[in-house]
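So the structure is just underneath, and the comments pick up after that.
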Amino acid sequence: MQESRSSEGSIDTAALLQSVELARDVILLHRLPTETPKERLQLAHEQEPTLRGQLWQLLILGSCDKNDEESSVKVYEKLLLLGKSRCHDKICDDSFRTFRSDKEFLSIVSEAALIRFLDAFVHMNDVMTTGKGAALGYKQGMNTIAGILLRVMPEPQALSCFSKIVTEFCPAVYNSTLQGAHNAVTLCDECLKLLDPELAFHLQSHGLTGHIYAFAPLLSFQASIPPLREVLNIWDYMVAFGFHLNVIFTCAYFIYHRGKILAADKPIKVVSQRNPFELVSGPVISVAMHLLSSIPKELYSRIVSHMR
């Protein structure tokens, strides 16, 4: 598919936002710009998403229609009137930890905004599941997903995308046992043994399983690995082609840093999530795209379905 460009050679945003396939092509061929905090704050003041936010809305919701956005604003305002949710205290236990070392994020998304957003989600889910069984509520890891979305789009649109991700795309990740995340860990171990046996053996020989080195990036969809600006580039691919790629990107991240891991006498010190390798998205994306061709169909099928 040909790219849609203006006469000046820049990407034609209007045409792009009309096509999911074109949006995917652009993500494959270009790195989307990350707005500065000043630009993002201006867009937030105008209640407008960034270009990345608009593309994510299109890819997640299938639409960037203004009427849909106006409807989401009205729904969100009603949810805010409900005040604190039944999970409010649990949300507050996690909210202050969300990207707390990322000054850029903190200048754009306040803790108060994150809390009211997650309270609104709990209220919305309670209403939607009334008479249909137990409501989802707030689960560990949701704060980082919410933070990423709020980084690129206003709260009402972010809520629509957030709900779609956690209830339809990745429901098993946020059930009572976080089963989807545990499934991802098992698949990560299996993939690493297949894709880099030497690295997998080195980790295993030191008693390091995926639950030790990979659980945090898998549960957070890479958000536990700084900096957030680089995480957004990884998210472009997951939003466009599926969040199951989380497993592949996690393997790619450790394979990219294999030299440091293999050279370490105590690899726990270099794979610990308390002091992760800084994420460099370009090479990790390249490694991940290369790895995809080496994964057998049966294994890839399990990767695709592990969060549902």
**Asked** Can you name the residue in the range 124-139 that is crowded, with 21+ Cβ neighbours inside 10 Å and not hydroxyl-bearing (Ser, Thr, Tyr) and is also nearest to residue 166 (Cα to Cα) among such residues?
**Response** 136
**Message:** Just the residues that are in contact (Cβ under 8 Å) with a residue 12 or more places away in the chain and buried (at least 20 other Cβ atoms within 10 Å of the Cβ), please, taken from the range 197-207.
**Reply:** 199, 203
**Item:** Sole exception among (1) outside any helix (DSSP H, G or I); (2) more than 30 Å from residue 216 (Cβ to Cβ); (3) of a type in the set (A, V, I, L, M, F, W, C) for residue 73, by number
**Value:** (1)
**Message:** Among the residues of the range 78-95, are any in contact with a His (Cβ under 6 Å, 6 or more places away or on another chain) and not in a helix (DSSP H, G or I)?
**Reply:** yes
**Fill in**
A careful count of residues in the range 158-202 that are touching a helix residue (DSSP H, G or I) at 6+ places or on another chain (Cβ under 6 Å) and of a type in the set (Phe, Trp, Tyr) gives 2
**Asked** When the range 254-292 is examined, which residues are found to be of a type in the set (Phe, Trp, Tyr) and modelled with pLDDT of 95 or more?
**Response** 254, 256
**Prompt:** Taking the range 203-232 as the region of interest, how many residues are hydrophobic (A, V, I, L, M, F, W, C), farther than 12 Å from residue 148 by Cα and under 19 Å from the mean Cα position of the chain (by Cα)?
**Reply:** 6
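Results for (1) crowded, with 18+ Cβ neighbours inside 10 Å; (2) within 16 Å of the chain's Cα centre (by Cα); (3) farther than 30 Å from residue 302 by Cβ, shown as yes or no for each residue.
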residue	(1), (2), (3)
103	no, no, yes
110	no, no, yes
115	yes, no, yes
141	yes, yes, no
152	yes, yes, yes
173	yes, yes, no
193	no, no, no
**Asked** Does the range 96-142 hold any residues that are within 22 Å of residue 171 (Cβ to Cβ), of a type in the set (A, V, I, L, M, F, W, C) and not in a helix (DSSP H, G or I), and which are they?
**Response** 134, 135, 136
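The values are calculated or read from the model by the stated rules, or taken from the named source; none is laboratory data. As the structure is a prediction and not an experimental result, all values here were calculated from the model. Positions of Cβ are generated from backbone atoms using ideal geometry, with glycine treated the same way; all protein chains shown enter the neighbour counts.
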